[in-house]
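The values are calculated or read from the model by the stated rules, or taken from the named source; none is laboratory data. Quick caveat: nothing in here was measured; it's all calculated off a predicted structure. Positions of Cβ are generated from backbone atoms using ideal geometry, with glycine treated the same way; all protein chains shown enter the neighbour counts.
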Amino acid sequence: MGVKSYVSIDLEGLPGINGLSQVGPGYPLYRDAREIITWMANLVSEALLANGCDEVFIADSHGYMGNIEYMKVREGATLLQGYPRPYSMVLGVEKADAALFIGYHSAAGTRGGFLDHTYSSRTIYRVELNGIHASEFLLNALYAGEKGVPVIMVAGDERLRGQVESISRDIVFLALKEGAGRLAAWYQDKARIESAVWKAINSSMEKFNEGEIRPITWKTPINVELWLREPLYADMAEMIPGAVRVDSYRIQYDAESAEDALRFVELVAWVGSSGAYLMQGMRG
C-alpha cells in the first residue's frame, strides 16, 4: 500500500505573492493569488503521486480557506476547504502517514518576514510555547506529531528556515521566497521553483521511506503564552477556562496536549477577531 500524504498549503510563503492586494476575496489581485496557490497545489500533488503516494489530501489553509480552484485540481487529490474549522490548517492530518507544509511564513514578530504572523495578524502579536517563539509550523507540527504523523517537508519564506531547523534538522526545508521586509520578497522564476519543489519532494519522500524523519512530540503540559494587540482582546480571552491574565496584553495557558495548545490559540484568535469587529463597529 502506498503512502498517504497531507499537504497543508498557505499563501504568504508562496512565490508570486507580493502584498496585501492578493490575500483574500475583494482584494484587487486576489485572482492572481488563486492561480498561484492552485498551481502549487497541483505541482506538489503531481510530485507526491510520482513518488509512490496513493492518496494526497490537500488542506486549503489560508484565510477563509477557499482559495484553491476546485475545477482545476489534478486527478488523484482530495481537497479540504472551508472556514472556520477545528484545528484549522491541520484538520484531518491523522488520515495520512506524512505531512508537508507548503507556502508557510515565519512567526509573528520575525524581522524581515514576509507578512509574518501566527494564526491571526489582526489580534495576535506573538506566541510562545514553553518560552520558544512559535510559528504556525511549530503549532501544526506538534499537533501532527501527537497524531503520529511526521512533517517531512516545509516550503515557504526563507525567514522561517531557522525556526524549523531549531526544532528539527531532519525535515527538508525549501525556500520558495525570501522576505525582504513585511511587504517585500525575492523569488525565482516559475521554472526554477518547479524544479526545486520536485527535488525537495523527492528528497523528503526518500528520507521518510528510510525512516529518517520522526513525528515531533513534546512532553506535556505545554505552556502557551500569547501577546495580544489590544487589551480588549485579552479582556475577552481571559474568560476562556484555564486562561491566566499576565498583564494588559498577555494571556498564559497550560495545555494538556499539543491538540489543546492549538485549540487554545485558535480560540483566542476567534475571540480576538470578534473584539476587532466590535471596535470597528463602535467607530461607526
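Answer yes or no as to whether PRO15 is surrounded by fewer than 15 Cβ atoms within 10 Å (Cβ to Cβ) and either assigned to a loop (DSSP other than H, G, I, E, B) or in the same structural domain as ILE201 (by TED's automatic domain parsing) (or both).
It is false that PRO15 is surrounded by fewer than 15 Cβ atoms within 10 Å (Cβ to Cβ) and either assigned to a loop (DSSP other than H, G, I, E, B) or in the same structural domain as ILE201 (by TED's automatic domain parsing) (or both).
Please work out which residue is surrounded by the fewest Cβ atoms within 10 Å (Cβ to Cβ), limiting yourself to the range 127-151 and to residues that are over 14 Å from LEU226 (Cα atoms) and within 14 Å of the chain's Cα centre (by Cα). Talk me through it step by step, then tell me what you get.
First, pick out the residues of the range 127-151 that are over 14 Å from LEU226 (Cα atoms): 137-138, 140-151.
Narrowing further to those that are within 14 Å of the chain's Cα centre (by Cα): 137-138, 140-144, 151.
Details: PHE137: 29, LEU138: 23, ASN140: 28, ALA141: 27, LEU142: 26, TYR143: 26, ALA144: 26, VAL151: 29.
Checking each candidate, the answer is LEU138.
Among the residues of the range 155-172, is any part of a strand (DSSP E or B), over 15 Å from the mean Cα position of the chain (by Cα), more than 23 Å from THR220 (Cα to Cα) and at pLDDT 95 or above? Outline the logic, then answer.
Going residue by residue through the range 155-172, those that are part of a strand (DSSP E or B) are 155-157, 172.
Adding the requirement that they be over 15 Å from the mean Cα position of the chain (by Cα) leaves 172.
Now drop any that are not more than 23 Å from THR220 (Cα to Cα), which leaves 172.
Filter once more, so that each one left must be at pLDDT 95 or above: 172.
Yes: the range 155-172 contains one or more residues that are part of a strand (DSSP E or B), over 15 Å from the mean Cα position of the chain (by Cα), more than 23 Å from THR220 (Cα to Cα) and at pLDDT 95 or above.
I'd like the full set of residues that are without any contact (Cβ under 8 Å) to a residue 24 or more places away in the chain and surrounded by 13 or more Cβ atoms within 10 Å (Cβ to Cβ), limited to the range 244-259. Let's see the steps before the verdict.
Filtering the range 244-259 for residues without any contact (Cβ under 8 Å) to a residue 24 or more places away in the chain gives 244-248.
Listed by number, the residues that qualify are ARG245, VAL246.
Please go through (1) under 14 Å from the mean Cα position of the chain (by Cα); (2) crowded, with 19+ Cβ neighbours inside 10 Å; (3) in a loop (DSSP other than H, G, I, E, B) for VAL7 and return the number of the only condition it doesn't satisfy.
(3)
Would you mention how many residues in the range 265-276 are under 17 Å from TYR143 (Cα atoms) and either surrounded by fewer than 22 Cβ atoms within 10 Å (Cβ to Cβ) or in contact with a Pro (Cβ under 6 Å, 6 or more places away or on another chain) (or both)?
2
Please state which one of VAL44, VAL23 is within 17 Å of LYS199 (Cβ to Cβ) and buried (at least 17 other Cβ atoms within 10 Å of the Cβ). Before the answer, list the steps.
Details: VAL23 fails: within 17 Å of LYS199 (Cβ to Cβ).
When all the criteria are applied, what remains is VAL44.
Among residues belonging to the range 238-284 that are closer than 16 Å to PRO84 by Cα and of a type in the set (Gly, Ala, Ser), point out the one that is nearest to the chain's Cα centre (by Cα).
Only one residue fits best here, namely ALA269.
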